[in-house]
Amino acid sequence: MNAVILQNLVKRFGKKNVLDNISLELPENCIVGLIGRNGAGKTTLLKTLAGYLRPTEGRVTVLGQEPFDNIRVLSDIVFMDDERYNDSAVLWDLVNQAALSYSRFDKVTALKLLDYFNIPVKAKIKKLSKGMKTLFSLVIALLSRSPLTMLDEPTIGLDAAHRKEFFSLLLRDYTNHPRTIIVSSHLISELEGLMEQVVLIDQGKLIFNRAIEDVQSYALYLSGHRRVLEELEGRHSIIYKESMGEMLVLGVVNNLSEEELQGLESSGVKISAMSVQDVCVNLTATNKGGVLDVIAK
Amino acid sequence: MLSQNSRLRAMKSLLYSYYVDFKSFYGIYIGIMTGLLLSKLALSSSASGSSSLSAGLVNGMFMLPIAMIIITSNSELLKKFSFHVDRNMLVFSHIILILVLPVIMLLTSCGFHLLETLAAEIALTATGNFFYTWVITKDSFLVGFALSYIIMVCVGGITWMVFAWFYRHKIATSVVCGTFLLALIYLRNFRDAFLNLINLIVYSPSPGMLFLKFSAITLISFAVGYIPIKRMEVK
C-alpha cells in the first residue's frame, strides 16, 4: 500500500502555481528525502499532505484518505517545522499534549531525550535557543511514531554534533518502528545515508521521484579534453558544463554504453559518479550563470 | 492502521491546550478584580453589596471579547494545528470557551462579593465612619446572574463571529463593518431603525424573554462564525 498518492496536484496562491500538476506515489515504511531549492514548493507540499491546505486541483490521498479536515487521517500524521509551538507554551504542557494526541507517543523516552539534550521541560519555548527549539520539536515529532512523519528542514539551527545525533536517532527509531518519514532538507549530503527514496521538485514541478540507488547512478562527471567531450553533447543529456581552457567538465545523464565509457577512458577522460547533492543542484540550476557573474566587473 | 478514538484524543488534547492558555487569562481577571476592589475599599468610606458583581460583569465584558479576538487569529489557530485537530472541533472548543468562561468569571466575582461583604462587616465593626448598603435579594441575584451570563456569552459570540470573518476575509469584513459604522453615524433613518431594533431586543416583558432573545443572537453568531473557520486553510 502507498502511504501517499498525489494525482495531478495543483496548489495555487492567487495566480501563482506553487505546486504544478504533481503526480507521485510514496510507499509505506520508507524514508523519503524531499529536495528542492528555496521556494520550490516543498513546504506547501508538506502542508497539503498534513491537511493544512486544500488542493486547488487534483487529488491527495494519505494513508488511503484525503487529509484536508479529516481527523481519522490527521491523527496518523505529524508535521514538524520551525514555527510549531506557541512561544509562551511550557514544554511540559506540550509533552502532555503530545501524549494526549498521539496514541503511540513514547513519553518516557521523550523525557529522557529532553534531559539528555539539556532541554529544561519547565521552561517556556521562547526561553530556548533556536537549536533547542528544533531539538524539542524533533523529539515530539519522532516519538509520536506517526505512520506518516513529516519533518520540514529538521536540522535548522542544529550544530554538527546535534545533526549527527539526530540522524542516528532518526535511523534507530525508524528501524525499531518502521513508518513513512518525509524529510525536507537542504543538507542533501547528510541525508544521503538515510534516504531510500528521493523526490526532487523545482518551481512547483516534480523533477523526479526515484530510489536513492537510481539517483546515485543517475549522472556522471566526465573531465577531459574539449575535443573529445564536445562530441557527446549532441548525443547525451548534459546537466552540467564547465570550461577551463582546453579542458572541459561535463555532467552527463548516465545512459552511456560500456563501449562508450571504455572509449572515453582510453581517450584520457576521467569518469566519476555525480553525488546526489550535485544531481539535485544541477537539475534545478537556474541557467542564469552563477552568483559570481552578478558581482563580476 | 487508522487510530482508534482519534477524535476523542484530539478533543482532549485541544481542551487541555485551552485550559493551559486560560490559566493566565484567569490570573489576569483575578488581578484586575482584586485591584478594583482593593482600590475602592481603600479610597471610599462606603461599600455596596453589588460592587464586586458589577465589577466582575464589566471586567468580563471587556476580557471575553479580547480573548475571542486572540483565539480567532491566524497565528493562534496555526498553533492549535500543532497537534491534529479538525475545524469542527476547533469551533466546538471555542463555543465551549464562550459558554464556560463567563460562568467561571461570574462565579469568581460572587466569591469576591463574599470577601467584600466580609471586609465591609469588619469595617463596620471597627469604625463607625463607614456606610454599607445591601441591595441584593436572592431573586435579584439569580436574575442578575442569568442575564449577566447571557449578555457576556452574547457579546463573546458576536466578537468571535466578527473576528472569525475578519482574520479570514480582512478587506470584505472591513468594508462591511466600515459601511455599517458610517451609516450609523451619517444616515439618520438607518440609525433610528438600528436603535429601534436594539430597543426591541432589550426591552422585554420578562427576564426570561430577554434571555431567550440573547440566546438566539448567540446561536446565530455561532452559525455565521462557523462558516469561515470551516473553510479556512492553515497558512
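Brief remarks follow.
- Some residue of segment A:12-22 being within 25 Å of A:ASP76 (Cβ to Cβ) and among the charged types (D, E, K, R): no
- Restricting segment A:55-88 to residues that are charged (D, E, K, R) and within 30 Å of B:PHE22 (Cβ to Cβ) leaves a set whose member that is farthest from the other protein chains (Cβ to nearest Cβ) is A:ASP82.
- Check on B:LYS213, in contact (Cβ under 8 Å) with a residue 12 or more places away in the chain, within 14 Å of another protein chain (Cβ to nearest Cβ) and charged (D, E, K, R): no
- Any hit, segment A:2-20, residues being among the acidic types (Asp, Glu), open to solvent by 20 Å² or more (accessible area, probe 1.4 Å), modelled with pLDDT under 95 and not in a loop (DSSP other than H, G, I, E, B): yes
- Looking only at segment B:79-123, and only at residues there that are among the polar types (S, T, N, Q) and at pLDDT 90 or above, the one that is nearest to B:THR159 (Cα to Cα): B:SER93
- On the stretch given as segment A:48-101, residues that are open to solvent by less than 20 Å² (accessible area, probe 1.4 Å) and among the basic types (Lys, Arg) total 1.
- Against the conditions (1) open to solvent by 20 Å² or more (accessible area, probe 1.4 Å); (2) part of a loop (DSSP other than H, G, I, E, B); (3) among the hydrophobic types (A, V, I, L, M, F, W, C), A:ILE119 satisfies every one except (1).
- Qualifying positions in segment B:220-229 - open to solvent by less than 70 Å² (accessible area, probe 1.4 Å) and in contact (Cβ under 8 Å) with a residue 60 or more places away in the chain: B:SER221, B:PHE222, B:VAL224, B:GLY225, B:PRO228, B:ILE229
- Residue ID - nearest to the other protein chains (Cβ to nearest Cβ), chosen from residues in segment B:72-88 that are open to solvent by 10 Å² or more (accessible area, probe 1.4 Å) and assigned to a helix (DSSP H, G or I): B:LYS79
- Where strands (runs of 3 or more DSSP E) fall wholly inside segment A:123-231, the ranges with 2 or more residues that are without any contact (Cβ under 8 Å) to a residue 60 or more places away in the chain are A:205-211, A:219-225.
- Residue match in segment A:66-88 (condition: in a loop (DSSP other than H, G, I, E, B) and of a type in the set (A, V, I, L, M)): no
Listed here are the residues, each with its yes/no results for (1) within 14 Å of chain A (Cβ to nearest Cβ); (2) touching a Cys at 6+ places or on another chain (Cβ under 7 Å); (3) surrounded by 21 or more Cβ atoms within 10 Å (Cβ to Cβ); (4) at pLDDT below 90.
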{"site": "B:GLY27", "(1), (2), (3), (4)": "yes, no, no, no"}
{"site": "B:LEU38", "(1), (2), (3), (4)": "no, no, no, yes"}
{"site": "B:LEU43", "(1), (2), (3), (4)": "no, no, no, yes"}
{"site": "B:GLY49", "(1), (2), (3), (4)": "no, no, no, yes"}
{"site": "B:MET68", "(1), (2), (3), (4)": "no, no, yes, no"}
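- Here A:ALA99 meets each of (1) at the interface with chain B (Cβ under 8 Å from one of its Cβ atoms); (2) among the aliphatic types (A, V, I, L, M); (3) closer than 27 Å to A:LEU171 by Cβ with one exception, condition (1).
- Among the residues of segment A:254-268, those identified as more than 23 Å from A:VAL279 (Cβ to Cβ) and in a loop (DSSP other than H, G, I, E, B) are A:SER267, A:GLY268.
- Screening B:GLY56 on (1) part of a helix (DSSP H, G or I); (2) over 15 Å from the mean Cα position of the chain (by Cα); (3) modelled with pLDDT under 90; (4) crowded, with 19+ Cβ neighbours inside 10 Å shows it passes everything except condition (2).
- Condition met for A:ARG145 (more than 9 Å from every other protein chain (Cβ to nearest Cβ) and at pLDDT 90 or above): yes
- Conditions (1) within 14 Å of another protein chain (Cβ to nearest Cβ); (2) part of a helix (DSSP H, G or I); number of the one not met by B:THR159: (1)
- The one condition from (1) in a loop (DSSP other than H, G, I, E, B); (2) open to solvent by 60 Å² or more (accessible area, probe 1.4 Å) that B:LEU182 does not meet is (1).
- Look at (1) at pLDDT 90 or above; (2) surrounded by fewer than 17 Cβ atoms within 10 Å (Cβ to Cβ) and you find that A:GLY193 fails only one, number (1).
The values are calculated or read from the model by the stated rules, or taken from the named source; none is laboratory data. For clarity, every value in this text was computed on a predicted model and none was experimentally measured. Glycine also receives a Cβ, built like all others from the backbone with ideal geometry; neighbour counts cover every protein chain displayed. Accessible surface is based on the protein model in full, side chains and every heavy atom, while ligands, DNA and RNA are left aside. Shrake-Rupley method; radii C 1.70, N 1.55, O 1.52, S 1.80 Å.
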